[in-house]
Each structure stands twice: as C-alpha cells, then as structure tokens.
Amino acid sequence: GNSVTQMEGPVTLSEEAFLTINCTYTATGYPSLFWYVQYPGEGLQLLLKATKADDKGSNKGFEATYRKETTSFHLEKGSVQVSDSAVYFCALSLMQGAQKLVFGQGTRLTINP
Amino acid sequence: EAQVTQNPRYLITVTGKKLTVTCSQNMNHEYMSWYRQDPGLGLRQIYYSMNVEVTDKGDVPEGYKVSRKEKRNFPLILESPSPNQTSLYFCASTPQPGQGARGYTFGSGTRLTVV
C-alpha cells in the first residue's frame with residue numbers, strides 16, 4: 001500500500017540551528033510529494049512540493065529533494081527561527097485509486113530563543 | 001481571497017445528535033475531501049468528491065455521510081455521532097488531485113467533541 005513515515009517528534013532546537021525532518025514513503029506508481037505546515041490553532045498550509053524525481057521544492061528557507069532511489073523527501077532548513085515552531089506533515093499524492101493525500105503522522109517542532 | 005471555509009470552528013455535542021459540518025470553497029475546484037486528524041495518526045481521509053454528485057469513501061468513512069450537490073459545497077454529516085468521532089476535522093480542495101497537483105487548500109479545521 002501507500003504510506004508515509006516521518007521521524008518521530010517532538011523536535012526541539014535552538015534558534016539558528018540546522019533542521020532536518022526525515023520523511024520516507026512507499027508508493028505504487030510515481031507520487032507527488034508535499035510538506036505541509038500547521039501553525040498552532042490553524043489549518044494546514046502547503047510549504048513546498050515536488051512532482052518528479054530529483055525535483056527540489058523550496059519555500060521560506062525550507063528545502064526538500066525528491067529522492068526516488070531512497071524513496072525519501074527530507075525537509076531541511078539551514079537556520080531555524082522561533083516562528084518556525086509548528087507541526088510539519090509529509091504527504092504524497094497519487095493519481096490512481098482514491099485520489100487522496102496520504103500523510104505521515106506529523107512532527108512537532110519547537111524552536112527556543 | 002481564495003479559501004476553504006469550514007463551520008463551525010468548535011462544536012461540542014452529545015452522542016446520537018445529528019450534526020453537519022459545512023465546507024465551502026471559492027476557487028471552482030472540482031476535487032474536495034474531508035480528513036480527520038488524531039494524535040499520532042496524522043490525517044486520514046474520510047470521504048472525497050471528484051465533482052458534483054460524485055463522491056466516494058476514503059480510509060475511515062464509517063459513521064459519516066457527505067453530499068456534493070453544488071461544486072462549491074461539500075458538507076460532512078454525522079447522523080449519530082459517537083465519542084470515537086471526537087477529532088479535528090479538515091476540509092480540503094484542489095483543482096487537480098494526484099501527480100502534478102498544485103497542492104491542496106485546507107480549511108481552518110473544526111474541533112468536534114462528542115460526549
């Protein structure tokens with residue numbers, strides 16, 4: 001089946017630290033991959049996406065590269081800020097089947113000043 | 001402003017009392033979907049709709065109903081809510097699901113508590 005596995009949280013870092021949140025996937029076919037962010041009390045917002053192998057999605061200093069050989073889409077940021085504190089979800093989407101987003105369990109990130 | 005609007009944001013109800021959570025989008029998207037978010041489980045799809053009058057079950061459809069009479073609206077109906085339906089619910093829409101998707105737009109969520 002199709003699934004997404006994220007590194008377990010919570011993750012706590014100091015401001016300006018380097019961030020990596022691991023995400024690996026299992027999919028039949030060729031998925032599009034997404035990172036969504038959920039700030040406290042809000043809905044999910046699309047952070048970045050990649051639609052084919054070797055694509056790099058980037059936004060707000062975050063990056064993730066679609067690695068087909070390792071079935072991974074790790075989220076990285078070189079220098080995090082307190083305002084990056086949120087829950088991050090990795091997700092995949094396939095055209096076939098139920099036409100849905102398949103989410104990882106989410107990783108809660110807290111950045112301390 | 002392009003958005004998905006859910007109502008209500010918060011709802012406390014009693015077991016067995018029918019309720020409806022509304023969802024409306026103003027982007028002329030064909031595809032709409034409902035998810036529930038539970039700790040440690042991420043988001044799981046309840047129902048989705050490819051277009052008007054076209055709906056189908058997601059991963060966790062039991063206890064829920066939906067309808068799609070108009071393109072913009074996709075209400076979620078709980079005919080007889082039970083405590084295990086206490087959750088955070090999100091409606092989402094996209095013009096094109098699957099590969100090459102431009103991403104989904106999510107509503108702000110509805111926190112439902114069934115006592």
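Mind checking which strands (runs of 3 or more DSSP E) fall wholly inside the stretch B:3-113 and carry at least 2 residues that are free of Cβ contacts under 8 Å to residues at least 24 places away in the same chain? Lay out the reasoning, then the answer.
Details: elements: B:4-7, B:10-13, B:19-25, B:31-38, B:42-51, B:54-57, B:76-78, B:87-94.
In the stretch B:3-113, the matching strands (runs of 3 or more DSSP E) lie at B:42-51, B:54-57.
Which of the residues spanning the stretch A:30-52 are assigned to a loop (DSSP other than H, G, I, E, B), surrounded by 12 or more Cβ atoms within 10 Å (Cβ to Cβ) and either in contact (Cβ under 8 Å) with a residue 12 or more places away in the chain or in contact with a His (Cβ under 9 Å, 6 or more places away or on another chain) (or both)? Please lay out each step first, then the result.
Here is the first cut: in the stretch A:30-52, the residues assigned to a loop (DSSP other than H, G, I, E, B) are A:30-31, A:39-43, A:51-52.
Okay, now just the ones that are also surrounded by 12 or more Cβ atoms within 10 Å (Cβ to Cβ), so A:30-31, A:39, A:42-43, A:51-52.
If the condition is that a residue be assigned to a loop (DSSP other than H, G, I, E, B), surrounded by 12 or more Cβ atoms within 10 Å (Cβ to Cβ) and either in contact (Cβ under 8 Å) with a residue 12 or more places away in the chain or in contact with a His (Cβ under 9 Å, 6 or more places away or on another chain) (or both), then A:Y30, A:P31, A:Y39, A:T51, A:K52 are the ones that fit.
If a residue must be surrounded by 13 or more Cβ atoms within 10 Å (Cβ to Cβ) and outside any strand (DSSP E or B), how many such residues does the stretch A:74-86 contain?
Going residue by residue through the stretch A:74-86, those that are surrounded by 13 or more Cβ atoms within 10 Å (Cβ to Cβ) are A:74-77, A:80-81, A:84-86.
Filter once more, keeping what is outside any strand (DSSP E or B): A:74, A:80-81, A:84-85.
Residues meeting the conditions: 5.
Would you tally the residues in the stretch B:26-41 being more than 21 Å from B:N84 (Cα to Cα), surrounded by 11 or more Cβ atoms within 10 Å (Cβ to Cβ) and more than 15 Å from the chain's Cα centre (by Cα)? Can you show your working first?
To start, the set of residues in the stretch B:26-41 that are more than 21 Å from B:N84 (Cα to Cα) comprises B:26-32.
Next, only the ones that are surrounded by 11 or more Cβ atoms within 10 Å (Cβ to Cβ) stay: B:26-27, B:29-32.
Adding the requirement that they be more than 15 Å from the chain's Cα centre (by Cα) leaves B:26-27.
Here the count works out to 2.
A:T71 passes all but one of (1) in contact with a Phe, Trp or Tyr (Cβ under 8 Å, 6 or more places away or on another chain); (2) surrounded by 18 or more Cβ atoms within 10 Å (Cβ to Cβ); which number fails?
Checking A:T71 against (1) in contact with a Phe, Trp or Tyr (Cβ under 8 Å, 6 or more places away or on another chain); (2) surrounded by 18 or more Cβ atoms within 10 Å (Cβ to Cβ), the one that fails is (2).
Give just the number: which of (1) within 10 Å of the chain's Cα centre (by Cα); (2) within 14 Å of another protein chain (Cβ to nearest Cβ); (3) farther than 27 Å from A:V4 by Cα does B:P75 not satisfy?
(2)
Being open to solvent by 60 Å² or more (accessible area, probe 1.4 Å) and among the aromatic types (F, W, Y) narrows it down to one of A:F62, A:F18, A:F89, so name that one.
Details: A:F62 fails: open to solvent by 60 Å² or more (accessible area, probe 1.4 Å); A:F89 fails: open to solvent by 60 Å² or more (accessible area, probe 1.4 Å).
Checking each option against the conditions leaves just A:F18.
Looking at the stretch A:92-113 only, could you name the residues that are outside any loop (DSSP other than H, G, I, E, B) and open to solvent by less than 60 Å² (accessible area, probe 1.4 Å)? Please lay out each step first, then the result.
Narrowing the stretch A:92-113 to residues outside any loop (DSSP other than H, G, I, E, B): A:92-93, A:101-103, A:107-112.
Result: A:L92, A:S93, A:L101, A:V102, A:F103, A:T107, A:L109, A:T110, A:I111.
Condition first: among the hydroxyl-bearing types (S, T, Y), within 12 Å of chain A (Cβ to nearest Cβ) and open to solvent by less than 10 Å² (accessible area, probe 1.4 Å). Can you find one or more residues in the stretch B:5-25 that meet it? Give the derivation first.
Kept after step one, since they are among the hydroxyl-bearing types (S, T, Y), are these residues of the stretch B:5-25: B:5, B:10, B:13, B:15, B:20, B:22, B:24.
Keeping just the survivors that are within 12 Å of chain A (Cβ to nearest Cβ) gives B:5, B:10.
Imposing the further condition that a residue be open to solvent by less than 10 Å² (accessible area, probe 1.4 Å) reduces the set to none.
So far as the stretch B:5-25 goes, no, none of its residues is among the hydroxyl-bearing types (S, T, Y), within 12 Å of chain A (Cβ to nearest Cβ) and open to solvent by less than 10 Å² (accessible area, probe 1.4 Å).
The values are calculated or read from the model by the stated rules, or taken from the named source; none is laboratory data. Quantities reported herein were computed from a predicted structural model and do not represent experimental measurements. Cβ atoms come from the backbone with ideal geometry, glycine included; neighbour counts cover every protein chain shown. To get the accessible areas, we keep the full protein, side chains included, count just its heavy atoms, and leave off ligands, DNA and RNA. Shrake-Rupley method; radii C 1.70, N 1.55, O 1.52, S 1.80 Å.
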